[in-house]
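Visitor: Please find one structure pasted underneath; my questions will follow.
Only the coordinates and a few stated rules stand behind these numbers; no lab work does. Nothing here was measured: the structure is a model prediction, and the numbers come from that model. Note: ideal-geometry Cβ built from the backbone for every residue, glycine included; neighbour counts use all protein chains shown.
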Amino acid sequence: MKRNVFIIGVMVLICSFSFIFITGCAKTPETQMMKDTAATQADTEKAAAAEAAAMAAEKAVLEEQMLQEKLLAEADSFKDIKFAFDKYDLSAEARGVLSKLADWLNSHQDFEVTIEGHCDERGTTEYNLALGERRAEAAKAYLTNLGIDKMKITTISYGEELPMDPGSTEAAWAKNRRDHLVVFSKK
Amino acid sequence: MRAFKGLLVVFFTLVLCLPAWGKVYIDIDSPAFQKFPTAIPDLRNMGTRQDKEDLSRWFSEQLSSALDITGYFRMIEKGAFLEDPKSSGITAEATNFSDWSVVGADFLVKGGFLYDGKNLSVEFRLFDVVEGKLITGKKYWGSIKEKKVMMLRFVGEILHALTGERGVFDTKIAFVGKKGNESEIYTVNFDGTDLQKITNFKSLSLLPHWSPEANRISLTSYLRDNPDYYIVDLRNGKVKKMSEHVGLNLSGPWSADGEKALLVLSKDGNEEIYTIDIKEGTLERITHNSSIDVSPSWSPDGESIAFVSNRSGSPQVFIMDAHGKNVRRLTFEGSYNTSPAWSPKGKKIVYEGSSNGGFQLFTIDEDGNNSVQVTFERGGAEDPSWSPDGRYLVFSSKIGQKRRICIVNSNGLNLRVLDEIKGIQSLESPSWSPHLNLY
């Protein structure tokens with residue numbers, strides 16, 4: 001998720017730089033015209049038109065970026081889904097989250113999802129990598145049953161390796177037993 | 001290390017007297033084992049050159065700390081020694097054994113050295129104080145740089161004489177060092193020296209396993225955003241990608257001949273155990289079950305595989321033939337038993353089981369009898385791995401907020417915690433190397 005926000009941030013920065021660059025270029029012939037009285041009215045109009053077109057294109061790109069950002073913020077509201085210890089079956093709450101995600105993905109065809117399966121620290125690295133995979137696959141199966149194209153769903157297990165909370169309490173473990181849903185744009 | 005082969009060694013004692021020496025047959029792996037009380041006075045300078053490097057004390061201290069690390073010796077404090085070094089020598093004839101039995105020593109190590117500023121010769125002798133007899137002795141010639149090798153070689157002699165095995169000072173432990181969302185593979189010597197960073201992938205790297213010649217380490221890494229299976233060649237640092245199937249590619253133990261390794265793949269829809277031919281990369285699927293099947297470990301003869309499956313509801317240890325036939329459940333007590341490792345001596349399997357809300361190590365005979373809890377650590381004990389002589393276990397335990405690497409004798413005694421690494425939060429998944437034959 002953070003990576004997507006970062007990418008959008010970079011894109012916005014690039015857009016604003018190119019905007020400055022384009023307007024900067026447009027101004028140069030203007031100042032030259034002040035000196036060069038031989039320049040025709042037609043040239044000026046042409047330059048102004050080009051400037052307007054460029055600005056409109058930029059505006060469209062920015063609007064598209066803002067829309068993407070808004071949609072990703074929306075997608076971000078699909079919270080992680082939680083699991084019981086040593087279990088990978090989906091709770092009613094988890095199914096609720098996944099149903100909403102399925103609806104959203106159905107109405108936003110340009111988006112895909114990565115499901116990261118995670119575990120708490122108890123048990124071994126290997127068994128937890130397997131358990132994390134089962135958790136991610138359970139969510140994937142549920143989404144495909146709701147009609148989401150399985151090509152749009154990627155799964156990856158991180159086992160117990162990337163805890164959300166590094167503590168060794170029941171509360172920390174409960175937070176760490178999760179599928180983390182990462183929605184991203186194909187574009 | 002090859003340079004050490006040039007080291008000249010002379011056996012100058014009566015090896016023949018060894019079989020007559022009854023204590024060899026003491027079961028040193030039993031929890032009732034009493035450590036050998038041993039005294040090591042400073043070595044004698046046999047030359048005329050002043051001992052500027054303080055080799056006298058260096059040798060006695062290094063021998064003491066090496067023997068102490070093995071967990072089989074209780075070193076007698078030097079302050080208690082009664083023998084007058086001026087009126088005694090390093091032979092049995094020149095030793096007053098009653099001076100040593102009075103201070104409680106059953107064993108005595110004496111030695112002397114000659115150093116000319118470049119070359120060094122050292123002789124060591126191990127005595128049985130009670131019998132007043134020499135057990136074994138050796139003399140080494142070499143350069144001063146080889147003094148640690150000389151010292152460790154004689155430690156090997158002492159261990160061989162008293163325990164029947166040469167010890168594991170020529171072994172290393174590989175483990176995972178974690179920092180934030182990244183982890184790398186490290187190795188360290190049995191005695192805690194010579195820490196080395198093996199990978200620098202800046203990714204998550206897990207599950208190190210040694211090749212039988214100890215010149216390669218296999219591992220699983222998220223280097224390319226998927227848990228893939230790699231082999232790192234320790235001789236030249238080259239990294240070879242061995243398996244990159246969709247899903248899990250989990251590194252497992254190598255076969256004794258180094259031609260194959262066990263691994264777990266989930267490419268066919270769920271986690272199954274396979275072997276991979278290291279040269280050809282060809283796979284043989286061993287398990288066929290829709291449950292989780294992970295953590296395979298070969299028996300020393302390669303005929304059987306212990307593994308973890310949740311096919312009976314919760315994770316338990318199972319055993320099957322090398323090609324997947326005759327599956328039988330090994331563990332029945334407790335609802336969470338994982339991470340089996342077959343003892344190199346055979347018969348026994350160590351695993352990690354739940355105990356009072358945490359995890360501890362247990363051993364069980366391969367026929368399912370004699371389940372014994374080995375560790376009782378406050379921070380739990382996970383990911384066990386045997387030393388190649390089957391006399392020690394290494395595992396990870398949470399000490400404070402950090403996971404650390406711990407070594408115990410196989411009877412669960414003599415816990416030793418390896419040093420932390422600066423800037424690394426957590427050390428886990430230790431894997432014990434085969435003998436490197438350095439000494």
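Visitor: Per residue Cα convex hull volume for the range B:321-439, in cubic angstrom?
Guide: Details: hull volume 16.5 nm³, N = 119.
Spread over its residues, the Cα hull of the range B:321-439 gives 138 Å³ apiece.
Visitor: Rounded to two decimals, what is Rg over Rh for the range B:260-386 when you use alpha-carbon atoms and the Kirkwood radius?
Guide: Values: Rg = 14.4 Å, Rh = 14.8 Å.
Rounded to two decimals, Rg over Rh is 0.97.
Visitor: If you don't mind, there's one more thing I want to ask. Shape verdict for the range A:57-153, please, from the Cα gyration tensor: rounded (a/c under 1.5), prolate (a/b greater than b/c) or oblate.
Guide: Prolate shape, in that a/c is at least 1.5 and a/b is the bigger ratio.
Visitor: What is the average number of partner chain Cβ atoms found within 10 Å of a Cβ in A:129-138?
Guide: Values: counts 12, 16, 5, 2, 7, 6, 0, 1, 4, 0.
For peptide A:129-138, the averaged partner shielding equals 5.
Visitor: Here's a follow-up. Please give the FRET efficiency for residue B:314 paired with residue A:41, using the beta carbon to beta carbon distance and R0 = 56 Å, rounded to the nearest 0.05.
Guide: Values: r = 85 Å, r/R0 = 1.52.
Efficiency, from the Cβ-Cβ distance: 0.05.
Visitor: Using a Debye calculation, one point per C-alpha and no hydration shell, please list log10 I(q)/I(0) for the range B:66-156 at q = 0.23 Å⁻¹ in order.
Guide: Per q value, in the given order, log10 I(q)/I(0) is -1.24.
Visitor: Further question on the same structure: What do you get when you divide the Cα radius of gyration of the protein assembly as shown by 2.2 N^0.38 Å, with N the number of residues?
Guide: It is 1.28.
Visitor: Quick one: what Rg and Dmax do you get for chain B from the alpha carbons, in Å?
Guide: Answer for chain B, Rg first and Dmax second: 24.0, 78 Å.
Visitor: Assign one of three labels to the range B:202-315, namely rounded, prolate or oblate, based on the Cα gyration tensor with a ≥ b ≥ c the square roots of its eigenvalues; rounded applies when a/c is under 1.5, prolate when it is not and a/b is larger than b/c, and oblate otherwise.
Guide: Judged from the Cα gyration tensor, the range B:202-315 comes out oblate (a/c at least 1.5, b/c at or above a/b).
Visitor: Please list the equivalent ellipsoid semi-axes of the range B:95-237, computed as the square roots of five times the alpha-carbon gyration tensor eigenvalues, in descending order and whole angstrom.
Guide: Taking √(5λ) for each eigenvalue gives 44, 18, 13 Å, largest first.
Visitor: Tilt of helix B:55-70 relative to the longest C-alpha principal axis of chain B, in degrees (0 to 90, nearest 10)?
Guide: Between the helix axis and the principal axis of chain B, the angle is about 40 degrees.
Visitor: List the aspartates and glutamates whose Cα lies under 17 Å from the Cα of residue B:325, skipping any in the same chain that are fewer than 8 positions away.
Guide: B:272, B:284, B:293, B:301, B:303, B:366, B:367
Visitor: Using Cα-Cα distances under 8 Å and only pairs 6 or more residues apart, what relative contact order does the range A:120-175 have, in percent?
Guide: For the range A:120-175, the relative contact order is 49 percent.
Visitor: Next question. How crowded by other chains is B:286-297, given as the mean number of beta carbons from other chains within 10 Å of each beta carbon?
Guide: 2
Visitor: Once you keep just the Cα pairs under 8 angstrom separated by 6 or more residues, what percentage relative contact order results for chain B?
Guide: Numbers: 1061 pairs, mean separation 47.7, N = 439.
Reported relative contact order: 11 percent.
Visitor: Subtracting the Cα-Cα distance from 0.36 nm times the residue separation, let me have the gained length for residue B:181 to residue B:345 in nm, one decimal.
Guide: 55.3 nm
Visitor: For the range A:90-145, just say rounded, prolate or oblate: build the C-alpha gyration tensor, square-root its eigenvalues into a ≥ b ≥ c, call rounded for a/c under 1.5, and beyond that prolate if a/b exceeds b/c, oblate if not.
Guide: The shape class here is prolate.
Visitor: For chain B, find the longest principal axis of its Cα atoms and tell me its angle to the long axis of helix B:147-163, 0 to 90°, nearest 10.
Guide: So the inclination is approximately 80 degrees.
Visitor: Given a Förster radius of 35 Å and the C-beta distance between residue B:268 and residue A:172 as r, what FRET efficiency does 1/(1 + (r/R0)^6) yield to the nearest 0.05?
Guide: On the way: r = 34 Å, r/R0 = 0.98.
With a Förster radius of 35 Å, E is 0.55.
Visitor: How do B:101, B:299, B:290, B:431 line up, fewest other C-beta atoms within 10 Å first?
Guide: On the way: B:101 15, B:299 18, B:290 10, B:431 24.
Fewest-to-most Cβ neighbours within 10 Å comes out as B:290, B:101, B:299, B:431.
Visitor: By a straight-distance test (C-alpha under 16 Å), which aspartates and glutamates pair with residue B:422 as possible cross-link partners, with residues fewer than eight away in the same chain excluded?
Guide: B:182, B:184, B:194
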